[in-house]
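Contents: one structure, followed by commentary.
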């Protein structure tokens, strides 16, 4: 099974992620071959497997090297992530995902609705299988609810040109940071880390997630489709005003009003003007700086963890995410 | 809160269902007011609350009158049902549900996707809250997966004029009977019934569910929209060939081929011809008879349960469902 090249440098974690992918592939194998194939293809399309990776890395800080059901839990995090991606692509009418046609574009919205629902049941099933060893049910249920509330917040703020930085940060906290936080925290809980390490892991996960989403939103304006492996500037076309635009609007609201007030997809030319204005009014620079800030804070906290080899990987990985181009 | 008139005759269970509805309403109250209102309205739109009712009735057969978390579990069953209904309405492009515009028709498919997803998280959360008293997680996870596989089966068989009775029965087993079975079984498990009663409850739930779905499919052809409170003959228009049609096609496949081979929505006139042919080739009669058969089998099993007042309610309720007009 193909694993993202990001992990070539780390053979131990690479091996663990291959185990995780095997569990994922097996968990979605059902009598409906079309669905099974669609999901197998989706899982092999080059996701970075960041959430299981953070979970696995954090399990290393525990006293007891628990193995049983570790990969089930790692897999459950990626499966939940996949379910939300597939449903988000319906909402966003997104043609591409990870350089490939999205499930909704290939199979239609109907299959995409059920594919996401099916993954929710698989997620739930993996967690229930592991619950004999370690019950993460309540933790996951609470987090999953927060993720959905974050998605709803985002939808509520669509086409709202008065959206504030605070509102943006609140909804990405739910939409993205919550699952990173859960992944790290579940790792320390599962492996029986000290209370102190558990609290630290939550904070680290939260900040990594915030940095990750902000940079995602920066790349949406500054990257090209070739590099990003998904369509660029899709967000603004469907009324999701993200941080670079919000910062730029704070500096000069009038520069954006004529482009945004019609609430219709912008032309090629208008998009270029929009990006030019976002740059001119420091939207990209300010957003990048905030992503850096969250990353630095996360790194400071990671350095408070016990000095084991995985700590170095956590540092390198978290730094690499800030420098990523897709 | 309004409760379906079906329960007027049974004040005890009516009171318990009101408690269940309160839990449901509270569980979906979040900061997103639009979503909260949409779901409150949906819950008050006159569903029969059959799944929580069967669960609650079956808890009466236990030795220990457990109360804690009982209504959470009852609510979780109806919430899961609601989640699948809302997503089904997206797939079916359904304008009406319970006499009211469906969520997807009122708020759009986007909101409907998230509304269903949100209900999955609420379901999961209610189960996790109850898991201190009684862990139904693994049971629910397994069942939920089967429900989804049933929905996928149905989608796979769309527009398949060679669909067999056996294939139909297999997919309604997943799609509908599974949740009735879970509701009854969870009731006996929760209240600590004997192994014998637990097994019986599964069988009863399964048969009630089969009868219920078959009759639903009969009513789709034989009722009017005024009585059914949802659009009639919607299934055939989207290629879901249900039991009355399958039985009729078994008798005379040629009578239906010209109507179905185009795979496009039928005109008013064609629909009338279709129904006439279904009647002519005994589709409605045979399907009704099979629903009666499942009901009779369920009643036989119910009569094997201990003779407490709730047994009488189970009998009356199960008989009433067979005679229902919507």
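If you bin the C-alpha pair distances of chain A every 20 Å from 0, what whole percents do you get?
In whole percents, the pair-distance histogram is 32, 58, 10.
Using a Förster distance of 41 Å, how high is the FRET efficiency between residue B:164 and residue A:93, based on the Cβ-Cβ distance and rounded to 0.05?
0.65
Can you tell me the order of B:156-169, B:131-144 when each peptide is scored by its average per-residue count of other Cβ atoms within 10 angstrom, highest first?
B:131-144, B:156-169
Of all the C-alpha pairs in the stretch B:1-94, what % are more than 21 Å from each other?
Of all Cα-Cα pairs in the stretch B:1-94, 34 percent lie more than 21 Å apart.
Tell me the Rg and the Dmax, in Å, that the Cα atoms of the protein assembly as shown produce.
Rg then Dmax for the protein assembly as shown, in Å: 26.3, 80.
Give me a single rounded figure for A:90-97: the average over its residues of other chain Cβ atoms within 10 Å of their Cβ.
2
In percent, what relative contact order does chain A have, based on Cα pairs under 8 Å that are 6 or more apart in sequence?
Values: 456 pairs, mean separation 56.7, N = 326.
It comes to 17 percent, rounded to a whole number.
Compute the label-point distances linking residue B:161 to its equivalents in the other copies; points lie 7 Å from Cα along Cα→Cβ; give nm, one decimal, shortest first.
Computed spacing set for this position: 5.6 nm.
Quick check on the stretch B:96-196: what does the Kirkwood estimate of hydrodynamic radius come out to from the alpha carbon pairs, in Å? Numbers along the way, then the final one.
Values: mean 1/r = 0.0624 Å⁻¹.
Result for the stretch B:96-196, one decimal place: 16.0 Å.
Modelled label-to-label distance, residue B:138 and residue B:325, 7 Å Cα→beta-carbon offset: nm?
Label-label distance for residue B:138 and residue B:325, simple model: 4.8 nm.
For residue B:304 and residue B:40 in one chain, what is 0.36 nm times their gap in residues minus the Cα-Cα distance, to one decimal in nm?
Between residue B:304 and residue B:40, full extension yields 91.2 nm more.
Can you grab the distance from the C-alpha centre of the stretch B:56-91 to the C-alpha centre of the stretch A:57-118, Å, no decimals?
Cα centres, the stretch B:56-91 to the stretch A:57-118: 27 Å.
Report Rg/Rh for the stretch A:256-326, rounded to two decimals, where Rg is the Cα radius of gyration and Rh the Kirkwood radius.
When Rh is taken as the Kirkwood radius, the ratio is 1.23.
Percentage of Cα-Cα pair distances in the stretch B:160-307 greater than 29 Å, rounded to whole percent?
So the pairs more than 29 Å apart make up 26 percent of the total in the stretch B:160-307.
What is the calculated FRET efficiency for residue A:261 to residue B:29, with r their C-beta to C-beta distance and R₀ = 35 Å, to the nearest 0.05?
0.55
Looking only at other chains, what is the average number of their beta-carbon atoms within 10 angstrom of each beta-carbon in A:145-153?
That works out to 6 on average.
Here, each number is a calculation from the coordinates, and none is a lab measurement. Being a predicted model, the structure only gives us computed values, none of them experimental. Note that each Cβ is placed from the backbone with ideal geometry, even for glycine, and that neighbours are counted across all protein chains shown.
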